[in-house]
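Below is one structure, written out as structure tokens; the observations come after it.
The values are calculated or read from the model by the stated rules, or taken from the named source; none is laboratory data. Keep in mind it's a predicted model, so treat the numbers as computed, not measured. Ideal geometry is used to build each Cβ from the backbone, glycine not excepted, and the neighbour counts take in all protein chains shown.
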Amino acid sequence: MRSRRVRPYTLTGGRTRSKHHLLVETLISVPSYDPVLAEALMPESRAIYERARTRASIAELSAGLTMPLGVVRVLISDLATQGAVYIHSTAHTYSHDLSLLERVLDGLKRLPV
Amino acid sequence: MPKILIVGAGQSGLQLGLSLLENDGYEVTLMSARTPDEIRAGRVMSTQCMFHLALEHEREHGLNFWEAETVKVEGLGVSIAAPDSSRALDWVGKLDNYAQSVDQRVKMAGWLEKFEERGGKLIIHGVTTSDLNSLAGMYDLVVVAAGKGELVQLFDRIPELSPYTQPQRALSLAYVHGLKPRPEHPDFSAVRFNIIPGVGELFIIPAYTLSGNCEILFFEGIPGGPLDVFTDNPDPQEHLDRILSLMRQYLPWEYDRATEVELTDSRATLAGGYTPVVRNAVGELPSGHAVLGMADVVVANDPITGQGSNNASKCAASYLDSILANGDKPFDRQWMKGAFDKYWEYAQHVTIWTNAMLQPPPPHVLEIIGTAAAKPAVARRFANGFQDPSDFQHWFLDPDKAAAYLASV
Ligand SMILES: Cc1cc2nc3c(=O)[nH]c(=O)nc-3n(C[C@H](O)[C@H](O)[C@H](O)COP(=O)(O)OP(=O)(O)OC[C@H]3O[C@@H](n4cnc5c(N)ncnc54)[C@H](O)[C@@H]3O)c2cc1C
């Protein structure tokens, strides 16, 4: 069971959009590491969570943790829904969308402790 | 809260996923090999004509988004071509309730978007067995709804229920605009079933596609015969031209309507074929976890009777009932077997009838088809059997019952 204290946060109000497009080159990272959350995760999710403390691509994670790509995608998508990891947009769209950035920051601030 | 993983975003997987989301307390993750945009930009996948009972399941869950604009199919017509290409027989039976065909590119793309809107988790990924092997333990239930793809290998074929070991028809089809109105019944649309004895069948199916309403020209050719000429994967225009020239040769009355047709789009043709099969619905992963197969994964019939999407819809409805009835209890192998058995009580009738229709018609079937030309009640019963093929056991499949029925009308 995941910790009940983790309040779902996402840009889209509780759901992961396929827009996220978890491509092999998509980068993910942990916005603010939470040891209590890490403790509460399933072993596979925890491994991803730990590893993504430094920004990593889906492919790297899959390779580094010897986990099938499909599994990594599912787990990352779950982690993203909880706000535990951040899925980076391509640098281009990201830098042009200030309101998106603000929402990300706002979401980050609201991350539970 | 049960966590359910569904693999495959087709008629069955999406319908189950969307209908599960209407119930509180289920966390539903769906894995699709393609994004909605990729599906829309892809090739046609089927002719997907669905009859009343299957459409009712979609309506029940508010999934009939295209109902208003989609042409209504109000009848089912049968013709038989004589050796001189004249029309030896021709009748149409009215359906009690209309059928409809919405291009799966339109429907599945739209349903995928709706799935996310309704709070489902969508992951775009072509799932491998090794993915499943690791994922299965993280979910309370894994449903494999991946159609005829490679994942079917997880499920053992049941030889006693699978009489064929090779494809029984070579399939080829084209979605077209510009087919002229049908002269025999200009006031309503019907699926037309043209039989060319010893050669195959041509279905003409009114449908709704990316560019509005259209018609699908769909040949089912006996393997190695004159209609089995699409294995070289011709380009779309050549594909259509071949279909038209075969129509001209074997079914001139249908060709007459088709002189000005054009493809609805550049991905509107398809050719192929597959072996009808029934599989064990409980698949075993190397990790020891069990997964439940659904719809085409476990019961795949030749499209000669147009039942696959109908079955997929009914399977999704039946599995939904079984899931809800199980509450918080574990979704173990025994539950899986029970869920499939409940669906098979119905699906067996479709398989038996469809497999029979792949054989040359026996004398009693020819008599039924012949009598239908004179007796609308017979035509009507045949047409309405497409929405619930379990009726055929009572009059169509057995020579004695057929004789008794024909004597009674
Ligand atoms: C030529 C033709 C004509 C037909 N005409 C009719 C008709 O008129 N009426 C009718 O009722 N039926 C018809 N059918 C049958 C009907 O199309 C199918 O039976 C029906 O779509 C099956 O539904 P399903 O949910 O089992 O699988 P599908 O609709 O095939 O969906 C499976 C989905 O899973 C996806 N998938 C596959 N492998 C993976 C993977 N590894 N990872 C992730 N996703 C995966 C696929 O991309 C697909 O989206 C026809 C079929 C054909 C081929």
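To keep it simple, each residue is scored yes or no on (1) within 13 Å of the ligand (Cβ to nearest atom); (2) within 21 Å of B:Glu160 (Cα to Cα); (3) within 14 Å of another protein chain (Cβ to nearest Cβ).
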{"residue": "B:Leu285", "(1), (2), (3)": "no, no, yes"}
{"residue": "B:Gly308", "(1), (2), (3)": "yes, yes, no"}
{"residue": "B:Ser322", "(1), (2), (3)": "no, no, no"}
{"residue": "B:Asn326", "(1), (2), (3)": "no, no, no"}
{"residue": "B:Trp335", "(1), (2), (3)": "no, no, no"}
Being within 16 Å of A:Ser77 (Cα to Cα) and facing another protein chain (nearest Cβ under 7 Å) is the filter here, so list the residues in the range B:121-133 that pass it. B:Lys121, B:Leu122, B:Ile123, B:Ile124, B:His125, B:Val127, B:Asp131
Just give me the residues in the range B:268-291 being out of contact with any Phe, Trp or Tyr (no Cβ under 7 Å at 6 or more places or on another chain) and under 20 Å from B:Asp140 (Cα atoms), in sequence order. B:Val282, B:Glu284, B:Leu285, B:Pro286, B:Ser287, B:Gly288, B:His289, B:Ala290, B:Val291
Does B:Arg43 satisfy the condition of being basic (Lys, Arg), part of a loop (DSSP other than H, G, I, E, B) and more than 14 Å from every other protein chain (Cβ to nearest Cβ)? yes
Among the residues of the range B:118-136, are any away from the ligand (no atom under 12 Å from the Cβ), of a type outside the set (A, V, I, L, M), modelled with pLDDT under 95 and closer than 25 Å to B:Met45 by Cα? yes
Spot the failing condition for B:Arg248; the list is (1) of a type in the set (Lys, Arg); (2) surrounded by fewer than 21 Cβ atoms within 10 Å (Cβ to Cβ); (3) in contact with a Lys or Arg (Cβ under 7 Å, 6 or more places away or on another chain), and only one is missed. (3)
With B:Ala190, B:Ala207 as the choices, which residue is more than 25 Å from B:Ala372 (Cα to Cα), in contact with a strand residue (DSSP E or B) (Cβ under 7 Å, 6 or more places away or on another chain) and small (Gly, Ala, Ser)? B:Ala207
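Give, as residue ranges, the strands (runs of 3 or more DSSP E) completely inside the range B:190-293 that count at least 1 residues that are of a type outside the set (Val, Ile, Thr) and more than 21 Å from B:Pro167 (Cβ to Cβ).
Values: elements: B:200-209, B:212-221, B:269-272, B:282-284, B:290-293.
Passing ranges, in order: B:200-209, B:212-221, B:282-284, B:290-293.
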If you scan the range A:21-74, which residues turn out to be within 14 Å of the chain's Cα centre (by Cα), away from every other protein chain (no Cβ under 11 Å) and assigned to a helix (DSSP H, G or I)? A:Leu37, A:Ala38, A:Arg46, A:Ala47, A:Ile48, A:Tyr49, A:Glu50, A:Arg51, A:Leu61
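Would you check which residues across the range B:69-98 are of a type in the set (Ser, Thr, Tyr) and more than 16 Å from the ligand (Cβ to nearest atom) and list them? If you could, list the steps in order and put the result at the bottom.
Here is the first cut: in the range B:69-98, the ones of a type in the set (Ser, Thr, Tyr) are B:70, B:79, B:85-86, B:98.
Result: B:Ser79, B:Ser85, B:Ser86.
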Within the group B:Ser19, B:Ser101, which residue is within 15 Å of the ligand (Cβ to nearest atom), buried (at least 17 other Cβ atoms within 10 Å of the Cβ), in a helix (DSSP H, G or I) and more than 14 Å from chain A (Cβ to nearest Cβ)? B:Ser19
Got a sec? Which of B:Pro361, B:Pro389 is surrounded by fewer than 20 Cβ atoms within 10 Å (Cβ to Cβ) and within 22 Å of B:Gly200 (Cβ to Cβ)? B:Pro361
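Among the residues of the range B:57-68, which ones are in a helix (DSSP H, G or I) and either more than 14 Å from the ligand (Cβ to nearest atom) or at pLDDT below 95 (or both)? Walk me through how you get there before you give the answer.
Going residue by residue through the range B:57-68, those that are in a helix (DSSP H, G or I) are B:57-60.
Selection gives B:Arg59, B:Glu60.
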When the residues of the range B:170-207 are narrowed to those that are surrounded by fewer than 23 Cβ atoms within 10 Å (Cβ to Cβ) and among the β-branched types (Val, Ile, Thr), which ends up farthest from B:Glu69 (Cα to Cα)? B:Val199
The range B:264-279, residues that are surrounded by 16 or more Cβ atoms within 10 Å (Cβ to Cβ) and within 16 Å of the ligand (Cβ to nearest atom): B:Thr264, B:Arg267, B:Ala268, B:Thr269, B:Leu270, B:Ala271, B:Gly273, B:Tyr274, B:Pro276, B:Val277, B:Val278, B:Arg279
Taking only pairs six or more apart or across chains, which ones have beta-carbon atoms under 8 Å, a first residue in the range B:326-340 that is at pLDDT 95 or above, and a second residue that is polar (S, T, N, Q)? B:Trp335/B:Ser322; B:Trp335/B:Asn326; B:Gly338/B:Ser322; B:Ala339/B:Ser318; B:Ala339/B:Ser322
Tell me the residue from B:Ala33, B:Ala9 that is surrounded by fewer than 18 Cβ atoms within 10 Å (Cβ to Cβ), within 12 Å of the ligand (Cβ to nearest atom) and in the same structural domain as B:Ala316 (by the TED database), please. B:Ala33
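Would you check if there is a residue in the range B:248-261 being more than 13 Å from the ligand (Cβ to nearest atom), farther than 21 Å from B:Ser86 by Cβ and touching a residue at least 60 places away in the same chain (Cβ under 8 Å)? Please lay out each step first, then the result.
First pass over the range B:248-261, keeping only residues more than 13 Å from the ligand (Cβ to nearest atom): B:248-261.
Filter again for farther than 21 Å from B:Ser86 by Cβ, leaving B:260-261.
Keeping just the survivors that are touching a residue at least 60 places away in the same chain (Cβ under 8 Å) gives B:260-261.
Scanning the range B:248-261 turns up at least one residue that is more than 13 Å from the ligand (Cβ to nearest atom), farther than 21 Å from B:Ser86 by Cβ and touching a residue at least 60 places away in the same chain (Cβ under 8 Å).
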Given the conditions (1) within 14 Å of chain A (Cβ to nearest Cβ); (2) at pLDDT 95 or above, and given that B:Val92 satisfies all but one, which numbered condition is not satisfied? (1)
Residues of the range B:135-168 that turn out to be touching a helix residue (DSSP H, G or I) at 6+ places or on another chain (Cβ under 9 Å), surrounded by fewer than 22 Cβ atoms within 10 Å (Cβ to Cβ) and within 11 Å of another protein chain (Cβ to nearest Cβ), as a count: 1
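Can you tell which of B:Ala407, B:Ala325, B:Ala317 is of a type in the set (A, V, I, L, M), out of contact with any strand residue (DSSP E or B) (no Cβ under 9 Å at 6 or more places or on another chain), more than 22 Å from B:Leu53 (Cα to Cα) and part of a helix (DSSP H, G or I)? Steps first, answer last, please.
Working: B:Ala325 fails: more than 22 Å from B:Leu53 (Cα to Cα); B:Ala317 fails: more than 22 Å from B:Leu53 (Cα to Cα).
Sole residue among the options that is of a type in the set (A, V, I, L, M), out of contact with any strand residue (DSSP E or B) (no Cβ under 9 Å at 6 or more places or on another chain), more than 22 Å from B:Leu53 (Cα to Cα) and part of a helix (DSSP H, G or I): B:Ala407.
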